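Visitor: Quick one: this structure, given as structure tokens, is what I'll be asking you about.
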Amino acid sequence: MQTKFLKPLWGMEGTYREMFTRIQAAGFDGVETPMPDAADESEFKELLQEFGLDFVPQIFTGGADHAASFQEQVERAVSFKPLFVNSHSARDFMTFEQQVDFFTKALAVERSTGLMVGHETHRQRAMFTPWTTARLLEALPELKLTADFSHWTCVCESHLEDNQADIALAVSRTLHIHARVGYAEGPQVPDPSAPEYATEVALFEGWWKQMIQARAAQGQEFAYVAPEFGPPGYLHTLPHTNVPVADLWEVNDWIYRRFRENVKQWV
């Protein structure tokens, strides 16, 4: 099994060409970002081809009809020939029945378009806790995840010690890994290379190892990973000045390089 590493454009600056140049030079296999505006679509597709980069579009369901929003965005994504789609899906306040209805329709769109979808374990969304996610995975065996457990450690204000069965189910259904380290009081440690966050790094790497090994055991051709530490808002800043406490590219590069080395031992 091979591992494809994707670089989110979140927090990067510059033109698409400038960002793609830096991403290719760093050795990434592709990019992950929302689909461009219509005016930039042709250039974006041409640059993907020129730089030889894969693409994973991020979509965000919303409006009065989340299922229709999902379908519209996934159908548009087809023309980009992506690896798969990463979706922030439905909402946390929906009833379980409403969520099941949404994901049933989402799976039908997957089948009709032929595009795989990883539904992200994200705050505010249907999969915002381990147990709400487990209920949906049990009800709909075809559902796949983009696993970002940093949201769960934040929402649950813990290292998820009480959620082992739910974690195991989520690991088994993970399509894509968002490699960000969270902690009990927030979705992103300031700098994962700092020794004071060694416990959290070890915790998350344990989960990522399980996800990689689950993909291999299932006979999958690829595992997909995106180092996804975010800019200020997620990245801590100093009071009064708003100066970031770490360099975002270097933080993501640290996780990327470390993951690349670890995965050689995990598979």
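The values are calculated or read from the model by the stated rules, or taken from the named source; none is laboratory data. Just so it is clear, the model here is predicted, and its values are computed rather than measured. All Cβ positions, glycine included, derive from the backbone under ideal geometry; neighbour counts span all protein chains shown. Side chains included, ligands, DNA and RNA excluded: accessible areas come from the protein's heavy atoms. Shrake-Rupley method; radii C 1.70, N 1.55, O 1.52, S 1.80 Å.
Visitor: Sequence gap at least 6, Cα distance under 8 Å: using those rules, report the relative contact order of the chain to the nearest whole percent. All intermediate terms of the calculation are to be shown ahead of the outcome.
Guide: On the way: 459 pairs, mean separation 45.1, N = 267.
Dividing the mean separation by the residue count of the chain yields 17 percent.
Visitor: If you don't mind, there's one more thing I want to ask. Cα extents of the range 98-180 along the three principal axes, largest first, in whole Å?
Guide: That works out to 39, 25, 22 Å along the principal axes.
Visitor: Rg to Rh ratio, the range 133-247, alpha-carbon atoms and Kirkwood radius? Working shown, then result.
Guide: Working: Rg = 15.3 Å, Rh = 15.1 Å.
Ratio of gyration radius to Kirkwood radius for the range 133-247: 1.01.
Visitor: Now for a separate question. If a/c stays under 1.5 just call it rounded; otherwise compare a/b with b/c (prolate if a/b is bigger, oblate if not). Do that for the chain, with a ≥ b ≥ c from the square roots of the Cα gyration tensor eigenvalues.
Guide: rounded
Visitor: When only the heavy atoms of the protein chains count and the probe is 1.4 Å, how do H240, H151 rank by accessible area, highest first?
Guide: I get H240, H151, largest accessible area first.
Visitor: Compute the relative contact order of the range 164-233 as a whole-number percentage, counting only Cα pairs closer than 8 Å that sit 6 or more residues apart in sequence.
Guide: Once divided by the residue count of the range 164-233, the mean separation gives 45 percent.
Visitor: Would you compute, from DSSP H runs of 4+ residues alone, the mean residue ellipticity of the chain at 222 nm, taking -39500 (n - 2.57) per run and dividing by the full residue count, rounded to the nearest 500?
Guide: Only helices count here, giving -13500 deg cm²/dmol.
Visitor: Tell me, what is the FRET efficiency for V267 and H240 to the nearest 0.05, using R0 = 45 angstrom and their Cβ-Cβ distance as r?
Guide: 0.45
Visitor: Also: Could you please report the charge total around D166, scoring K, R as +1 and D, E as -1 over all other residues with beta-carbon less than 12 angstrom from its beta-carbon?
Guide: Working: positive: R135, R173; negative: E138, E161, D162.
Spelling it out: positives minus negatives among the neighbours equals -1.
Visitor: Using r as the Cβ-Cβ distance of T95 and A214, and R0 as 22 Å, what FRET efficiency do you calculate, to the nearest 0.05?
Guide: 0.15
Visitor: Describe numerically, in nm with one decimal, the distance between label points set 7 Å from Cα along Cα→Cβ at Q124 and at T21.
Guide: 3.4
Visitor: Say each of E72 and R111 gets a label point 7 Å from the Cα, pointing the same way as Cα to Cβ; how far apart are those two points in nm?
Guide: 2.5
Visitor: While we're here: Separation of the range 132-185 and the range 26-48 by C-alpha centroid, Å?
Guide: Comparing the Cα centres of the range 132-185 and the range 26-48, I get a distance of 28 Å.
Visitor: Step through the residues of the range 114-123 one at a time and calculate ³J(HN,Hα) from phi using the Karplus curve (6.51 cos²θ - 1.76 cosθ + 1.60, θ = phi - 60°), rounding each to whole Hz and writing x for Gly and Pro.
Guide: Values, residue by residue: x, 9, 5, 10, x, 8, 7, 7, 10, 4 Hz.
Visitor: Could you please put D65, D191 in sequence from largest to smallest accessible area, using a 1.4 Å probe?
Guide: Numbers: D65 85, D191 45 Å².
Highest to lowest solvent-accessible surface, that is D65, D191.
Visitor: Probe 1.4 Å, all protein chains in place: accessible area of W10 in Å², nearest 10?
Guide: Result for W10: roughly 90 Å² accessible.
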